[in-house]
Amino acid sequence: MDSITTVKNDILKEESYLHVLDNGLKVYFIPKPGFTKKYAIFSTNYGSNDNEFVPIGEKESIKVPEGIAHFLEHKLFEEKDGNIFNEFSKLGSSVNAFTNFNQTAYLFSCTDNFYKNLELLVSFVESPYFTDENVNKEKGIIAQEIKMYNDNPGWKVFFNSLKAMYHNHPVKEDIAGTVESIEDIDKETLYKCYNTFYHPSNMILSIVGDIDFEKAIETIEKNIKKDRENKISKVQGIYPDEPKEIQQRYIEDSLSVSIPLFNIGFKDRDVGYDGDELLKKEIVTNLLLDMIFGESTEFYRDMYEEGLINNSFGSQFVASKTYAHSIIGGESENPKEVLDKIIDYINRLKEEGLNEEDFERIKNKMIGHHIMSFDSLEYIANSFIKYEFQNSSLFNYKNILKDIKFKDIEKRIKEHFTDENYILSVIKPK
């Protein structure tokens, strides 16, 4: 097939193939010869943050209820003649879906019947079926899910930390919305969101495994809807202005926990770009977090031996074009003391300097983990889509990581960890 583009990564000994359909859908294939498992994920560049946008065919922007992307994910599994889960079960495959802040995805894994599964995946994502009755029925189901998550300490401490960091950005709102917001969802709004964000040109289908790519493309071509307009302008979410400052320093809640949970958040004030520049910042910051808070550090050992933290302690940096933050979290009988020690420790490192040997060791460890991760079909497919939506590539990850210098880490600790941009979120026992 002449329209297939091939990209090879000689260092990783991996390659990818890309075919773009006439309607703009990008189909990626990463071959894994000899693997019995096959995996496919069909994703749209549309998540819970996208609550304000200009719909296809219209000129004025609209605001939709919080939680509608997640609601739409739920509804696509329901068809006129039943539930799609049963159809995948008959084929012996496992199907799932997720909605996060920036994307919604539908996926399956199987060992047999790959092309039948692929046909089913494309068909149901391309066939929305919303009625007043089934939309109202779903409201009760999702309301129970929202209440369940509101009682989940780990979920609550995380979203409280986002509420403390952000003034206006929709990332501070629960992905599923609120019981009140989903009451405003109707079938007309669902179709408007679907027709705008589920256009093939706003979507990627990623396949990993030992399969025939040309046969996969034929399967997709046969099942993709042909009545969609081929050429549309790129859908842009509209986001409110977000101050650089945090919203509040401390936020607290009480739930049924035996030990208090905490999240220490550092709001990133350096946002507004994507591509390899964003990917580099993500790698640099996660490398830095591992250097200063990882299990191999003296700080971790001292805090653990003092009984201030346990093995739930960890850290992560997440970033998008419009928001970014680091979160350090875990369980502790005294979260405020943990915070004080972390702030003192960071300030001391900024004055005395970081250890370059630690930098090289953690960097090599990350390179090793990245190479090993290519044994996971799920990691490959999901990460491929994530970075493609950010205008970068999973295949760029290792080269960017390899080129990171110690001075990048030294600069980042001074810029990101300041006395003005941190918050503390705590869940205390009732």
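For the stretch 113-217, the Kirkwood estimate of hydrodynamic radius, built from reciprocal distances between every pair of different alpha carbons, is 17.1 Å. Between Tyr149 and Thr178, full extension at 0.36 nm per residue minus the direct alpha carbon distance yields a gain of 9.4 nm. Note on the chain: Cα convex hull, mean projected area over all directions, 21.7 nm².
Other residues lying with their Cβ under 10 Å from the Cβ of Ser392 contribute a combined charge of -3, Lys and Arg counting +1, Asp and Glu -1. Cα convex hull, the stretch 4-223: 161 Å³ per residue, rounded to a whole number. Here the spin labels are modelled as points 7 Å beyond Cα on the Cα-Cβ line, and at Asn100 and Arg361 they lie 2.9 nm apart.
Please tell me the relative contact order of the chain in percent, rounded to the nearest whole number, where contacts are Cα pairs under 8 Å and at least six residues apart.
Contact order relative to length: 22 percent.
Placing pseudo-labels 7 Å out from each Cα toward the beta carbon at Glu337 and Asp375 gives an inter-label distance of 4.1 nm. Database remark: amide H of Glu79 closer than 5 angstrom to the amide H of Ile84 (H placed geometrically; neighbours at sequence offset of 5 or more, or on other chains; Pro and chain starts carry no H). Per residue, the convex hull around the alpha carbon atoms of the stretch 202-352 comes to 238 Å³. Over the stretch 250-429, what is the percentage of antiparallel beta bridges among all DSSP beta bridges, to the nearest 5? Roughly 75 percent of the beta bridges in the stretch 250-429 run antiparallel, per DSSP.
Only four residue types carry charge here, +1 at the Cβ of Lys and Arg and -1 at the Cβ of Asp and Glu. Report the dipole size of the chain about the Cα centre in Debye, rounded to the nearest 20.
Magnitude of the dipole: close to 500 debye.
Each of Ile141 and Gln316 was given a label point 7 Å from its Cα along the Cα-to-Cβ line. The distance between the two points is 2.6 nm. Computed from the C-beta positions of Ile62 and Asp132, the FRET efficiency with R₀ = 25 Å rounds to 0.80.
Of the residues Phe406, His325, Ile380, the one whose Cα sits farthest toward the positive end of the charge dipole of the stretch 250-429, with +1 on the Cβ of Lys and Arg and -1 on the Cβ of Asp and Glu, is Ile380. Cα-Cα pairs above 23 Å in the stretch 250-429: how many percent? The proportion of pairs with Cα distances above 23 Å equals 45 percent. Taking each residue as 0.36 nm, the span from Asp241 to Glu295 lengthens on full extension beyond its C-alpha to C-alpha distance by 15.7 nm. Near Asn334: Cβ cut-off under 14 Å, other residues only, Lys/Arg at +1 and Asp/Glu at -1. The net charge is -3.
Peptides 5-15, 130-140 ranked from most to least packed by the mean count of surrounding Cβ atoms within 10 Å: 130-140, 5-15.
Normalised by the number of residues in the stretch 250-429, the mean separation of alpha-carbon contacts (under 8 Å, six or more apart) gives a relative contact order of 45 percent. Can you list the lysines whose alpha carbon is less than 22 Å from that of Lys38, not counting same-chain residues fewer than 8 positions off? Filter leaves Lys8, Lys13, Lys26, Lys90, Lys116, Lys215, Lys222, Lys386.
Taking a straight Cα-Cα cut-off under 17 Å and skipping sequence neighbours fewer than 8 places away in the same chain, the aspartates and glutamates within cross-link reach of Lys225 are Asp22, Glu79, Glu119, Glu126.
Using the Cβ-Cβ distance between Asp253 and Asp302 with R0 set to 30 Å, the FRET efficiency from 1/(1 + (r/R0)^6) comes to roughly 0.55. Taking the average, over residues, of other Cβ atoms within 10 Å as the packing measure, peptides 57-65, 384-392, 19-27, 302-310 rank 384-392, 19-27, 302-310, 57-65 from highest down.
Span-like helix check, the chain: qualifying full DSSP H segments, with Cα axial length of 20 Å or more and mean Kyte-Doolittle of -1.0 or more, are 275-293, 335-352, 356-372.
Coordinate-derived values only; no laboratory data. The structure displayed is predicted, hence computed values, not measured ones. Virtual Cβ from ideal backbone geometry, glycine too; neighbours counted across all protein chains shown.
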